[in-house]
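J.: Can you read through this structure? Questions will come right after.
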């Protein structure tokens, strides 16, 4: 007697359903994300990410580290419209003004305190000091920042409404890229000396 | 004189439009579905599905058959956000409690009568006996069921808001899979004996 | 002892989840559909549609009837991205050339036979005679038609990938509207006499 | 001299942009979410949620608590396609088998250890013990669970790809609702005695 | 001292973000568009289209030209949900009645004057003469047309809410395709002589 | 004889289709846009925008004007995922560095020449001088700019993949808002004197 096999006749093709699409990060991408790894090769480890166990390295000029678990680092998220990042801010640490070009962000403080805020399209400013357990939302594409608000290391986790949210840090885009100083100056109203000074610090050329 | 050719000059590239994307089910998938078969190889038969002509085989323990016309069976649906399935319920037949993880369902009765219902997130229960010509909607991801309500075979057609809606039958997922009995018991409150009994029937291991 | 109430503490707010949004068709619409009827007023009948029990009335010049179960007729579909219609074709019946501006269609034949087809953007033509149990897909926005292919009444059900798919019958739009004859002629290449003749039949003015 | 006002002439209407749509949870919903609170009444506190500061109350039969920050609790998330929940599991605590009908979930362990897993449409089972800093993804609509895996309280945060993900706990839907026992038995293969026993515990009627 | 390199440690993988997906038009398509060209091979020229510099060739029977900048012609638009087309109408020029199966259109007049209009699903007709600087919107999938309204050449630019909007010109689909005359006649109410006459002009067969 | 009326029986409810949703900009918004104006009150003028006939006023410090035709100015676009803006750049005119938080942009030059460019998430810079008839695409959320590249006034039209794309000008958000100088300095690396100088020019407080 084989009741199990009989029951299977009910659904001969259910195994083809695309419940998930673990990304094959070695193949070309599509507008909807990476190609799917063959379901037969998927294991539980494809759905698990281990990169948040240790603090990020904050021995840098901003005393901060952002450790992404986006589709490129965590292919199990591919196509699912969600991703995470761990944020470490040493004492004095800052995540400079930045945007995520294609995702809303929700930030959860798990240690310490962080002064966080954003600026809207109509130039309204929303900021506040957040403590452990507080959550703040930063709508898509708007300038925002995080600053350690205490004397001790802070840790927070950001969730994004995209598996590939992007991250554009304004000052690095301006002063750490090849955008010519003359263009920066005329499109930001910054002084020539200021631009040159920051290009020297952040590695910009032209 | 070639007016037709002249007119064609109007739209030199219209033939590239992606009106449809007949799935190439031999290639890797993407989060948006299968790759498109070359338009030059597409024929009218790619847009037609013939698998609903005969009743599904209901000689199984649930006296029911679900015959899918999802993208895997009907590649012409690929990327179009719609699919169908034929449901056959012999006398006494039942489609056990199940969900479609990524699609809303609309069920149309074409023969016989079916007792159908679903349970909402707030645990409200909605069920009724449906007769030939009746239609019922089952919102995405919610538990629902269909039971033959007469003494004769019933036939219904389900339409889904996805070309790959998935199908998860609760009791098969629990008792026909490798999920350990101990985990089942603690996460469902079911008794050990009950779990073991159903695993024996449905083919579950561990 | 109140274990049930204790358990409910687990999820104090689950009852707010928007599992469905039964449309309030008396209120203004939004781009995403009708406002939701209060969940407390929703009953099982909101999820059931009964309009397909009888054949549509085919005693008209096209010997055909299309009976929609779109969000306006079946508010339980509101916002769910799916809808149905029943198609009745008497002997000699025709659904004239038409499009659904915002939905893909899947057509299932349940009685008789129907010659159905569509024309792509690149002017390729796909048509075939469909029999009981056959299914054909018509991609979004493309011109298509259905013609009774036998001497007996045919019945089919169309499923759409929108709860409000729209329906634009080309000849009624042209000859049953107020579009001036002169504009019709110059934008279709049809003769003046032909336009006037059809306007008289289909009720067009100007 | 008023350079600021002159500059404002550049963008007379930028203040109308819908950067965000803080939900007015007192008005009827739409398929895309709540109506937007007037931007002039929005303050920074609309973008902040404070409900995660204290552990949820785990003195219940499952020794677990799920504290949601969905659009109903955190209206600043309205329409943004993302939300959070805090999960507390006392020693022996369990989040019973459940689904989120319209969202993918990513779970981050911040304290203790949790045995978590899901079952796919094709009845493959994926589960593993997660430790502090581990992340696991549960694709939309699939059955999954979380069990405290150590002797100490565990804490985790779930992120969802919807601002209103829903939550359907299988055993509460079955045994804590008004679904008749007879229907439960025939659609799940469970024994009558088992169903009656759990209805008594979980508060189900009929 | 290497502050730039130190700062880069902040974001080891930001370079993988999918800011854009320049289409590789030589590879198979997916439902979401073309595969992405490798970011390392992308140059500024991928984001620029030069095909609108000269008027389209209007020496044809409709005295009109539509020059598309869709994803196939301008791969930088791939996956971005937007595209353009240039429209040239010589004196007496006409863009015949047509639809875009999967896009809304916004038309901007930059030279001359154009009589433009569309017909809704409910057969309401909306048309008006547009002058330089006027903009008109044509909702997705609805029949619309443009006619030069002055004695001089007119130029307009259409923007579409898809990178691959498609274009189906009703009379070419009917009379320039292989759709049999008999089918055309029965599905449009047109006379046999009219159909044959236009097939001769527009190149239709069967 | 009333053939027209008979034919109408075919489609008793087609007039309810939501072909379009002209925005009622006096009512509260939803995440999907404005409520729809009653279809019976819609006229052709709802689909036409006349605000681009005259150049924008460029007598301001940036010698530039952006004239939007977003849903707030052109309610016919509501919910359609597309909008336009006219850009005027006098000699020496500049549109400062900015982003559109929720839209891709395509820019078409219709007069003069413009140096335009954007910076990607990975800090790659793409810029070029565009001439009449050239088109450039700026992917969603990325920093970009436009600078008049000739000695004469330039005119361009931007198309957006949203009916409400938003516009955030970096330097106005920083120096024309209430964001405290101290926060600006620490999140941008700019000098205190530079920040104070620009706040004086652009009207910022705190």
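J.: Which log10 I(q)/I(0) values, to two decimals, does the range C:63-138 give at q = 0.11 Å⁻¹ under the Debye formula with one point per Cα?
T.: Those come out to -0.33, one per q.
J.: Write down Rg/Rh for the range C:14-158, rounded to two decimals, with Rg from the C-alpha atoms and Rh from the Kirkwood relation over Cα pairs.
T.: Answer for the range C:14-158: 1.04.
J.: Follow-up question, since we're still on this one. Which one of F:129, F:43, F:187 has the biggest mean-square fluctuation once chain F is modelled by GNM with Cα springs under 10 Å?
T.: Between F:129, F:43, F:187, it is F:187 that shows the largest mean-square fluctuation.
J.: Is it possible to state the helix-based mean residue ellipticity at 222 nm for the protein assembly as shown, with each DSSP H run of 4+ residues giving -39500 (n - 2.57), the sum divided by total residues, to the nearest 500 deg cm²/dmol? What is it? Before the final figure, lay out the partial values.
T.: Details: 24 runs with 186 residues, N = 1236.
That comes out to -4000 deg cm²/dmol.
J.: Set the Förster radius R0 to 35 Å, insert the Cβ-Cβ distance between residue B:57 and residue D:201 as r into 1/(1 + (r/R0)^6), and round the FRET efficiency to 0.05.
T.: Working: r = 39 Å, r/R0 = 1.11.
The calculated FRET efficiency here is 0.35.
J.: Now for a different question. For the protein assembly as shown, what is the largest minus smallest coordinate of the Cα atoms on each principal axis, given in angstrom and ordered from greatest to least?
T.: For the protein assembly as shown, the Cα extents along the three principal axes come out at 88, 87, 48 Å.
J.: Next up: For label points placed 7 Å from Cα toward Cβ, what is the shortest-first list of nm distances from residue A:178 to its copies?
T.: Result, one decimal in nm: 4.3, 5.1, 5.1, 6.0, 6.9.
J.: Another question about this same structure. Can you tell me, using C-alpha contacts under 8 Å and at least 6 residues apart, the relative contact order of the range F:120-206 as a whole percent?
T.: On the way: 43 pairs, mean separation 20.8, N = 87.
Computed over the range F:120-206, the figure is 24 percent.
J.: Taking chain B as a Gaussian network, where each spring joins two C-alpha atoms under 10 Å apart, which residue of B:55, B:101, B:31 fluctuates the most?
T.: Result: B:31 has the largest fluctuation of those listed.
J.: Among D:155, C:66, E:137, which comes first, then next, by fewest other beta-carbon atoms within 10 Å? The partial results should precede the final answer.
T.: Details: D:155 19, C:66 23, E:137 28.
Ordered by Cβ neighbours within 10 Å, fewest first: D:155, C:66, E:137.
J.: Let me ask something additional. Taking Cα pairs under 8 Å and at least six residues apart, what relative contact order does the range B:166-206 come out at, in percent?
T.: Working: 38 pairs, mean separation 21.1, N = 41.
Value for the range B:166-206: 51 percent.
J.: In a Gaussian network model over chain F where Cα atoms closer than 10 Å are linked, find which of F:189, F:118, F:175 has the largest mean-square fluctuation.
T.: F:189
J.: Further, regarding this structure: Can you pull a Stokes-Einstein diffusion coefficient for the range A:94-206 at 25 °C (0.890 mPa s), Rh from Kirkwood over Cα pairs, as a whole number of µm²/s? Kindly include the intermediate steps, with their values, before the conclusion.
T.: On the way: Rh = 15.3 Å.
The Stokes-Einstein estimate is 160 µm²/s.
J.: Now for a different question. If we hang a label 7 Å off Cα along the beta carbon direction at residue A:61, how far is it from the matching labels on the other copies, in nm, shortest first?
T.: 2.7, 6.1, 6.8, 6.8, 7.8
J.: Continuing with the same structure: Can you give me the relative contact order of chain F as a percent, contacts being Cα pairs under 8 Å and 6 or more apart? Intermediate values should be presented prior to the final figure.
T.: Numbers: 424 pairs, mean separation 39.0, N = 206.
Contact order relative to length: 19 percent.
J.: Obtain the nm distance between the two label points defined at residue A:27 and residue E:129 by a simple spin-label model: each point lies 7 Å from its Cα along the Cα-to-C-beta direction.
T.: Placing both labels 7 Å along Cα→Cβ, they lie 5.7 nm apart.
J.: Report, in whole Å, the centroid distance computed from the Cα atoms of the range A:147-206 and the range B:82-158.
T.: 56
J.: Sort shortest first the distances from residue C:129 to its counterpart in every other copy, using label points 7 Å along the Cα-to-beta-carbon line, and give them in nm.
T.: Copy-to-copy label distances for residue C:129: 4.1, 5.3, 6.8, 6.8, 8.3 nm.
J.: Specify the angular offset, from 0 to 90 degrees and rounded to the nearest 10, of the alpha carbon long axis of helix A:192-202 from the longest principal axis of the alpha carbons in chain A.
T.: 40
J.: Return B:41, F:199, F:63 ranked ascending by Cβ neighbour count within 10 Å, so the fewest neighbours appear first. Could the numbers behind the result be given before it?
T.: On the way: B:41 9, F:199 20, F:63 16.
Neighbour counts put them in this order, fewest first: B:41, F:63, F:199.
J.: Taking the axis about which chain A rotates onto chain B, which residue of A lies nearest it as judged by Cβ position, and how many whole Å separate them?
T.: Taking Cβ atoms only, the nearest residue and its distance are A:32, 2.
J.: Further, regarding this structure: What is the ratio of the Cα radius of gyration of the range E:102-152 to 2.2 N^0.38 Å, with N the residue count, to two decimals?
T.: Values: Rg = 11.2 Å, N = 51, 2.2 N^0.38 = 9.8 Å.
Here the Cα radius of gyration is 1.14 times the empirical estimate.
J.: So for D:44, D:195, fewest C-beta neighbours within 10 Å to most, what's the order?
T.: Working: D:44 16, D:195 23.
Ranking D:44, D:195 by Cβ neighbours within 10 Å, fewest first, gives D:44, D:195.
J.: Once Rh for the range B:120-186 is found with the Kirkwood sum over Cα pairs, what is the Stokes-Einstein diffusion coefficient at 37 °C and 0.692 mPa s, in µm²/s? Walk me through the numbers before you get to the answer.
T.: On the way: Rh = 15.1 Å.
Rounded, D is 218 µm²/s.
Each value in this text was obtained by applying a stated rule to the coordinates, not by laboratory testing. No experiment lies behind these values; they were computed from the predicted model shown. Neighbour counts are summed over all protein chains in view; Cβ atoms, including those assigned to glycine, are modelled from backbone coordinates with ideal geometry.
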